[in-house]
Amino acid sequence: MKIFLGADHRGFDLKEHLLAWLQHQGYETIDCGDMVEDASDDYVDFTARVCEQVLAENRPHLSTQTLVEPQSIQLTAVPKKSEPSHSDSPTVKLQSAQSILKPQKSDLQGSEQEEVQEKAMGIVICGSGIGVTIAANRFRGIRCALCISQAHAEHARTHDHANVLALASEMLSEDDAHSIILRFFTTEPDNNEQYIRRREKLDMIA
């Protein structure tokens, strides 16, 4: 199985350690960045790369829209209601986050109910694990779980069919991360109808 890993500067050291450790465990690892420890980087960028790669491996018919570079996001000045328009006091309306991060429903081809073959999974890391979790779950087809224990990881896989694991680098030791990862990757999803139904409902949220 391929494992795609991504981390910002706060998760960089743990990512570097896990790349080598996972290879020793027999997994094929792909580094999605950051490639250097850069305090000005953004976890969103590396999370997006991981999610795009996991989807491309597991569901090649489901294309994702790449994150727009910050400088290309269009800002539109909109006058405030009930006030005359003044060039020096516009409200700024940012392009919808949905159009930046989310895959479009029209990109789906084929049945949503097909069985997805897991050829790849992902690990995303930041200091708290929260930011990468939020970013990853913007992608339809990605079910990212922030896990802090083996039991948590097992539940995420069994009941929620998680395919991306989020880790909090500043709240876990390397040994903790090892045990969580092994439980996550060695636990098979429960294909009970209720869990599949819930997964499909998640994938239909626009």
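Details
- Straight-line cross-link partners of K119 among the aspartates and glutamates, defined as a Cα under 15 Å from its Cα and at least 8 positions apart when in the same chain: E28, E52, E57, E188.
- Label positions at R197 and D38, each projected 7 Å from the Cα along the C-beta direction, are separated by 4.7 nm.
- Coupling constants for the range 149-161 follow from the phi torsions by the Karplus curve (6.51 cos²θ - 1.76 cosθ + 1.60, θ = phi - 60°), and in residue order they are 7, 5, 4, 4, 5, 5, 5, 4, 7, 5, 8, 9, 6 Hz; glycine and proline get x.
- Across the range 17-22, coupling constants 3J(HN,Hα) worked out from phi with the 6.51/-1.76/1.60 Karplus curve, θ = phi - 60°, read 5, 5, 4, 6, 5, 5 Hz, and Gly and Pro carry x.
- Modelled FRET efficiency - R0 25 Å, T158 with K2, Cβ distances, 0.05 increments: 0.70
- Taking other Cβ atoms within 10 Å as a rough exposure proxy, S179, S173, S128, S40 sort from fewest to most as S40, S173, S179, S128.
- Near the amide H of I30, within less than 5 Å, lie the amide hydrogens of I3, F4, L5, all on another chain or at least 5 residues away, with H placed in the peptide plane.
- Once backbone amide H atoms are built at 1.01 Å from N, G129 has S169 as its partners under 5 Å, excluding neighbours fewer than 5 places away on the same chain.
- Pairwise label distance in nanometres, M171 with Q23, each label 7 Å out on the Cα-Cβ vector: 3.0 nm
- For C147, the residues 5 or more places off, or on other chains, whose built amide H falls under 5 Å of its own are A166.
Bear in mind these aren't lab numbers, they're just calculated from the coordinates by the rules spelled out. Keep in mind that what you see is a predicted model, and the values were worked out from it rather than measured. All Cβ positions, glycine included, derive from the backbone under ideal geometry; neighbour counts span all protein chains shown.
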